[in-house]
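S.K.: Take a look at the following structure, please.
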Amino acid sequence: MSYRLQIHISNDDPVVVDVENLPEPTDNFLIGSNPQRRDGKEVQYILREVNQVIFPIHRISFIQVLPSESDEDIETFVRE
């Protein structure tokens, strides 16, 4: 299963990447593909032709797991 993560890098803007597996507590780095900003724009410091990136864990403040497209389509009902 593929995951879409928003990675918050220390002293920089967040980057959205696709990963095959969520990072484990013992990992030293995170490998992601298709790096971009949340709005879909390019990341300034990553070349346009780059498909995969490796981020060292010690540079990451925190990671958010973004909902998949199927999760966003779930209807919820609220009682009033």
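Computed from the coordinates by the stated procedures, all read-outs in this text should not be read as laboratory data. Computed from a predicted structure; not experimentally measured. Please note: Cβ atoms are built from the backbone with ideal geometry, for glycine as well, and neighbour counts cover all protein chains shown.
S.K.: Report the local net charge at Ile9: Lys and Arg +1, Asp and Glu -1, summed over other residues whose C-beta lies under 14 Å from its C-beta. Kindly include the intermediate steps, with their values, before the conclusion.
M.R.: Working: positive: Arg37, Arg38, Arg59; negative: Asp12, Asp13.
So the environment of Ile9 carries a net charge of +1.
S.K.: Right, something else. All other residues with a Cβ under 15 Å from the Cβ of Ile31 taken together, and with Lys, Arg as +1 and Asp, Glu as -1, what is their net charge?
M.R.: Net local charge, Ile31 excluded: -2.
S.K.: If I stretch the segment between Glu49 and Asn34 completely, what's the gain in nm (0.36 nm per residue apart, minus their alpha carbon distance), one decimal? The partial results should precede the final answer.
M.R.: On the way: separation 15, 0.36 × 15 = 5.40 nm, distance 0.99 nm.
Here the segment from Glu49 to Asn34 would lengthen by 4.4 nm.
S.K.: Could you please report the charge total around Gln52, scoring K, R as +1 and D, E as -1 over all other residues with beta-carbon less than 12 angstrom from its beta-carbon?
M.R.: Numbers: positive: none; negative: Asp18, Glu20, Glu49.
In short, -3.
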